[in-house]
Ligand code: ZN
């Protein structure tokens, strides 16, 4: 599939906060003063080191400034070349790293306001995720309520690695608010680095960190299922963003095996994990962590037992592929159309039907 399908919905792009100064107009007087007097520098990446090749594809890296930090760059490199009718902006800014609940809430609010004023107001193809200070769930819910009336926010963004498993009851008010307002929950690769990013301790290299993200997604999915999040919030949609997807069948086979044997301890999980995933969980396409050959990739997709699970994404500006071939050539055209248009529309309740041009 060399040519993009016009009108596709890109479910994971990453406009970047260009500098701490860009947020100053959107902080209140107290926090603006704190940035100056305390010398608060910008919050660096929660996953992507600035100089890493993976952080930005070489031909997308601007001569000056951060990748994806201007609307012009996003239009020219992400929206136009892929013919996207809609792209969902997931801003990765290190608010989740902070230990101060007040500071996290202030900067989450600033990033969301910056997103609304500097991006959504200026580009009708953009939608966005609400950044929330998960350090304090009450404050996170306040931030969801602040933006819930703005239909351009379609999702609440969480990280794959935080302080606690995401299925725990303490996070349920976030899911209640999301379900109430028709917002999806997006869980994106990344860590607040309050804990080692692998279950065996602190790794030495970025390669280990990045490859280890899939472990975190597996554990979060297990937590959400076993704690009963989808029994309590049956309409909730959870989207695993930048998680890869080839691990899913093997993980669900293992989880289903132990659910069968141990379900007496979690009686609220009244459906097999695969059934729960099929109704409530979706995964973004990029990075494609499967085999490059057609037969191999189609076999993996077959193991996923559903053609409704994958949502198109470019993961712009991260380096996951070359040119505009975000959709692997092995994927048949009818499935590609589902991944690019039908599945995102079925997942994000707030997406209006886009104007889809003829293929
Ligand atoms: Zn991403």
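The values are calculated or read from the model by the stated rules, or taken from the named source; none is laboratory data. This structure is a prediction, so every number in the text was calculated from the model and none was measured. Glycine gets a Cβ as well: all are built from the backbone with ideal geometry, and neighbour counts include every protein chain shown.
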For this session: Filter segment 260-293 down to residues that are assigned to a helix (DSSP H, G or I) and in contact with a helix residue (DSSP H, G or I) (Cβ under 6 Å, 6 or more places away or on another chain), then give me how many there are.
Result: 4
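For every residue, the table says whether it meets (1) surrounded by 17 or more Cβ atoms within 10 Å (Cβ to Cβ); (2) touching a residue at least 40 places away in the same chain (Cβ under 8 Å); (3) within 20 Å of residue 174 (Cβ to Cβ).
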{"residue": "33", "(1), (2), (3)": "no, no, no"}
{"residue": "41", "(1), (2), (3)": "no, no, no"}
{"residue": "49", "(1), (2), (3)": "no, yes, no"}
{"residue": "79", "(1), (2), (3)": "yes, yes, no"}
{"residue": "92", "(1), (2), (3)": "yes, yes, yes"}
{"residue": "104", "(1), (2), (3)": "yes, no, yes"}
{"residue": "111", "(1), (2), (3)": "yes, yes, yes"}
{"residue": "133", "(1), (2), (3)": "yes, no, yes"}
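Can you pull out every residue in segment 24-46 that is within 17 Å of residue 67 (Cα to Cα) and away from the ligand (no atom under 16 Å from the Cβ)? Let's see the steps before the verdict.
Within segment 24-46, the subset within 17 Å of residue 67 (Cα to Cα) is 42-46.
Selection gives 42, 43, 44.
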Exercise. Is it fair to say residue 139 is in contact with a helix residue (DSSP H, G or I) (Cβ under 7 Å, 6 or more places away or on another chain), more than 24 Å from residue 87 (Cβ to Cβ) and within 16 Å of the ligand (Cβ to nearest atom)?
Worked result: no
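For residue 288, indicate whether it is surrounded by 14 or more Cβ atoms within 10 Å (Cβ to Cβ), at pLDDT 95 or above and more than 16 Å from the ligand (Cβ to nearest atom). Talk me through it step by step, then tell me what you get.
Values: surrounded by 14 or more Cβ atoms within 10 Å (Cβ to Cβ): yes; at pLDDT 95 or above: yes; more than 16 Å from the ligand (Cβ to nearest atom): no.
Answer is no for this residue.
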For this session: Could you check residue 340 against (1) away from the ligand (no atom under 16 Å from the Cβ); (2) surrounded by 21 or more Cβ atoms within 10 Å (Cβ to Cβ); (3) within 25 Å of residue 148 (Cα to Cα) and say which number it fails?
Result: (3)
